[in-house]
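Working notes for the structure below.
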Amino acid sequence: MREACCAQDDQLGPLEATYDLADHLTLADLVQAVTSSRFLQYSSTHTTLTGFAGATPFATVFSGFYLPGRLPQFSLPATTPLADLLAKGSLTFRF
């Protein structure tokens, strides 16, 4: 799930995507899948999104348009198994 970034998004309701990733994959694999899908959207005033597993932040992801080449910063080890993250609750990205 991600936060809406414009009024049109707000009218559409919750913005959700589903990714079919094996439990043995890692946090780095998840972030790669989400960023390469281009599901996350940014604006000129919001150029980063933070990923949360429940209430626990796991990574900050940067806009490729506004901050080209900037790699994600992980709050948890990038090698954290997805199963551990999913046990904390829903995964969301917020400004």
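The values are calculated or read from the model by the stated rules, or taken from the named source; none is laboratory data. The model shown is predicted, which means the values in this text are computed figures rather than measured ones. Positions of Cβ are generated from backbone atoms using ideal geometry, with glycine treated the same way; all protein chains shown enter the neighbour counts.
General observations
- Scanning the stretch 57-73 for residues that are in contact with a Ser or Thr (Cβ under 8 Å, 6 or more places away or on another chain) and either hydrophobic (A, V, I, L, M, F, W, C) or assigned to a strand (DSSP E or B) (or both) turns up 57, 58, 59, 60, 61, 62, 67, 73.
- Some residue of the stretch 17-25 being modelled with pLDDT of 90 or more, surrounded by fewer than 16 Cβ atoms within 10 Å (Cβ to Cβ) and not in a helix (DSSP H, G or I): yes
- Scan of the stretch 48-73 for residues that are polar (S, T, N, Q) and loosely packed, with under 15 Cβ neighbours inside 10 Å, ordered by number: 56, 73
- In the stretch 74-87, the residues that are at pLDDT below 90, under 15 Å from the mean Cα position of the chain (by Cα) and in a loop (DSSP other than H, G, I, E, B): none
- Condition check for residue 91 on (1) under 20 Å from residue 15 (Cα atoms); (2) touching a Ser or Thr at 6+ places or on another chain (Cβ under 7 Å); (3) hydrophobic (A, V, I, L, M, F, W, C): one failure, at (2).
- Residues that are surrounded by fewer than 16 Cβ atoms within 10 Å (Cβ to Cβ), part of a loop (DSSP other than H, G, I, E, B), within 10 Å of the chain's Cα centre (by Cα) and among the hydrophobic types (A, V, I, L, M, F, W, C) do occur in the stretch 26-41.
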